[in-house]
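First up is the structure itself, then whatever we jot down about it.
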Amino acid sequence: MSALVEIRDLSVDILKGRGGGTKILPILRHIDLSVEKGQVLGLVGESGCGKTMTVLAILGLLPEGGQISSGQIFFQGRDLIKLPRREMEGLRGKRITMIFQEPMTSLNPLLSIGSQMREILLQHEGLTGKANRDKCISLLETVNISEPEKIYDYYPFRLSGGMQQRVMIAMALACEPELIIADEPTTALDVTTQAQILDLFNEIRGRIRSSFIFVTHDLGVIAEIADRTSVIYSGYVVEECSVAALFQMPLHPYTDGLMRSRMGRRNSNRDQLYSIPGTVPSPGNIPEGCPFAPRCQVVMERCRREVPPLAEVQEGHRVRCWRQVF
Ligand SMILES: Nc1ncnc2c1ncn2[C@@H]1O[C@H](COP(=O)(O)OP(=O)(O)OP(=O)(O)O)[C@@H](O)[C@H]1O
Ligand SMILES: [Mg+2]
C-alpha cells in the first residue's frame, strides 16, 4: 500500500440518550479517502458536513457516544481502529499531530510557550536541558517567529491570534510527524493573517516530508494549499479529485454549487451572489437516497430513492452522483 493514510468504508454514528430511548445519529457514511506521502489533501464542505468528525475518527478522538460502525483507517499500513489504546496515544502528538481552529483553546493559558513546547519534546523525544530548549527555539524560527527567545518565555495571552497559530504549528512540527491534520487553522484569523499563515504552510511543505489533511469550508484555501480534495456532504464523500480537476470540471452538483457561491462572493456585483438553496440536513433527518437531492437543481427520480455509489468517472476523479453513472 503506497498511501500514508487510507480510509475505507468508514461509517460513524453517535448514540444519544440511554436505554430504550437511545437514538443512533449517522454522522459519517462509507467514507473513502487517501493521503499520499508528502501530499496535502483538502477536506471541504459546509458547516456540519462531517469534516471534523472525519479527522477525529483518524485521531481516535470521537466525542462521547461516537462509535465506528464499519470501516478501516490505515496509517502506514496499520489499521488505527484496531490499534491498542496505548499505541494510539504513542502515535498521536508524535507521528500524527493536529492543529485546531482556535489556538487559544489548544494552548494552556497558565503555561509559558516554552514550557508547553518543552513538554512535547520531553514526552515524545526524551529531550531535556539545553538540547530541548535549542530545538524549541529552532522550531519557533521555522514558523518565522522573530525574537524566538523572547516568545519562548511569553504566556499565550501576550500573543496575537496569528502568532498563537504559528506556535501551534511549531508544536505540530516538533516531532517531525508523518501526518499533520489542520482543522480550519485560519478560519478564526483576519484576512491578512490568514494569508500569512497559508503562506507559512506552503513554505513548510516545501521543507518537510509530512503529509497534510487540511480541513476548510473555503475553496479558495483548497486552491492555495491542496494537491487533492475530498468534498464532503452530509457525512458522504461526494467528489474526490485533484485540485486542478476540481476547478476545471467539478462534476457533483454540490461542488458546483460551492464553486458558484465562491464566484458570487468574489464578484462585487450583488446580483450575482449565489448560495445553494436549503441547508445541510441534520444527522437525525437525512433524507432517503442522495442526501443532496432536496437541494439539487438537477435532481432525478432515482436520486430520491437510492444513494449513488462513489464512482470513478475519470482517472483519479470520483463522484457520487447518479447523473455521472452510466
Ligand atoms: N458530540 C456530538 N453529538 C451529536 N452530534 C454531533 C456531535 N459532534 C458533532 N455532531 C454532528 O455531527 C455532524 C458533523 O459535525 P462536524 O463537526 O464533523 O462538522 P464540520 O463539517 O466539521 O462542520 P464545521 O465546518 O462547522 O466545523 C454535525 O451534524 C454535527 O451536528
Ligand atoms: Mg469542523
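The values are calculated or read from the model by the stated rules, or taken from the named source; none is laboratory data. Nothing here was measured: the structure is a model prediction, and the numbers come from that model. A quick note on method: Cβ atoms are made from the backbone with ideal geometry, for glycine too, and the neighbour counts reach across all protein chains shown. When the accessible area is computed, the model is the full protein with side chains, heavy atoms only, and any ligands, DNA or RNA have been set aside. Shrake-Rupley method; radii C 1.70, N 1.55, O 1.52, S 1.80 Å.
General remarks:
- Computed label-point distance, nm, for sites GLN297 and ARG323 using a 7 Å Cα→Cβ extension: 0.9 nm
- Potential lengthening between GLU119 and ARG8 on full extension [0.36 nm per residue; Cα-Cα distance subtracted]: 36.5 nm
- Relative to the current alpha-carbon distance between ALA195 and GLU141, full extension at 0.36 nm per residue lengthens the span by 17.6 nm.
- Helix 253-266 axis, angle to the chain major axis (alpha carbon atoms, nearest 10°): 60 degrees
- Cα→Cβ-extended label distance, 7 Å offset, between ARG209 and ARG260, nm: 4.5 nm
- Rounded to the nearest 20, the size of the Cβ-charge dipole of the stretch 103-174 about its Cα centre is 60 debye, with Lys and Arg at +1 and Asp and Glu at -1.
- Bridgeable aspartates and glutamates around LYS94 (alpha carbons under 16 Å apart, same-chain partners fewer than 8 residues away excluded): GLU119, GLU125, GLU176, GLU178.
- For the chain, built as a Gaussian network whose Cα springs stay under 10 Å, the top-fluctuating residue of LEU200, LEU251, LEU59: LEU200
- Sites matching GluC sites (Glu not before Pro) across the stretch 1-83 that sit in DSSP coil, with at most 16 neighbouring C-beta atoms within 10 Å: GLU36, GLU64
- Candidates GLY93, VAL298, SER261 compared by Cα position along the dipole of the chain: farthest toward the positive end lies VAL298, with charges placed on Cβ.
- For the stretch 103-174, averaging the sequence separation of C-alpha pairs within contact (under 8 Å, six or more residues apart) and dividing by the residue count gives a relative contact order of 47 percent.
- Charged-residue dipole, Cβ positions (Lys, Arg, Asp, Glu), the chain about Cα centre, Debye nearest 20: 500 debye
- Cα-Cα P(r), the stretch 1-137, percent of pairs per 5 Å interval: 2, 8, 15, 17, 18, 15, 12, 8, 4, 1, 0, 0
- Residues ARG323, ARG209, ordered by accessible area of protein heavy atoms at a 1.4 angstrom probe radius and largest first, appear as ARG209, ARG323.
- Multiplying the residue separation of GLU36 and SER275 by 0.36 nm and removing their Cα-Cα distance gives an extension gain of 82.8 nm.
- Solvent accessible area, Å² - THR193, 1.4 Å probe, full protein context: 30 Å²
- GLU149-THR128 pseudo-label distance in nm [points 7 Å out on the Cα-to-Cβ vector]: 2.5 nm
- Heavy-atom accessible area with a 1.4 Å probe sorts LYS37, LYS51, LYS23, LYS94, largest first, into LYS37, LYS23, LYS94, LYS51.
- Candidate aspartates and glutamates for bridging to LYS16, where Cα separation is under 12 Å - those fewer than 8 sequence places away on the same chain excluded: GLU64
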